[in-house]
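What follows draws every value from the coordinates through simple rules; no lab data is involved. Quantities reported herein were computed from a predicted structural model and do not represent experimental measurements. Quick reminder, even Gly has a Cβ in these numbers, built from the backbone with ideal geometry, and neighbours come from all protein chains shown.
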Amino acid sequence: MFNDIGPLELVTIIVLAVLVFGPDKLPKVIQDVMRTVRKIREFSESAKADIRSELGPEFKDFEFEDLNPKTFIRKQLDNDELGLKEIRNGFDLKKEMAEVTDAVHSRDTEAAGSGSSSPSASGGGRVDMTKKPEEPGGDDRPPFDADAT
């Protein structure tokens with residue numbers, strides 16, 4: 001409930017409560033607050049029990065936390081009936097990226113070793129995925145952007 005309150009904030013709240021209510025009335029105020037919290041919890045639990053009894057036995061596994069969209073989606077994705085775990089485990093992004101990286105690096109070494117950059121000579125029609133800098137011609141000027149200066 002109060003997961004985001006740190007120790008310094010808690011001490012500040014206690015000091016303010018002592019200053020506002022005084023040391024004499026503070027225990028009575030704490031008891032009243034705790035009694036109210038208990039009544040609210042009892043009311044919510046009875047409301048949940050009433051809803052579950054009205055829904056019937058087919059909704060006995062119904063959890064109110066599932067009404068949160070994040071929780072609902074997480075629960076459905078963890079369900080084994082859909083077979084999503086096999087799909088997720090079958091697709092290894094790191095492995096795929098390593099294969100692409102190896103292919104690109106082997107392309108660089110083959111091109112440097114053979115001295116030609118034609119696709120037929122260095123890889124059997126494969127596309128070179130490395131980015132090569134374009135060298136401007138002798139009379140080409142770089143583009144001028146007036147807004148950038």
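Per-structure values
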| quantity | calculated |
| --- | --- |
| Rounded to whole Hz, the Karplus (6.51, -1.76, 1.60) HN-Hα couplings of the stretch 56-68, x for glycine and proline | x, x, 6, 10, 5, 8, 5, 10, 5, 5, 5, 6, 6 |
| FRET efficiency, 1/(1 + (r/R0)^6) with R0 30 Å, evaluated for residue 52 and residue 12 via beta carbons | 0.15 |
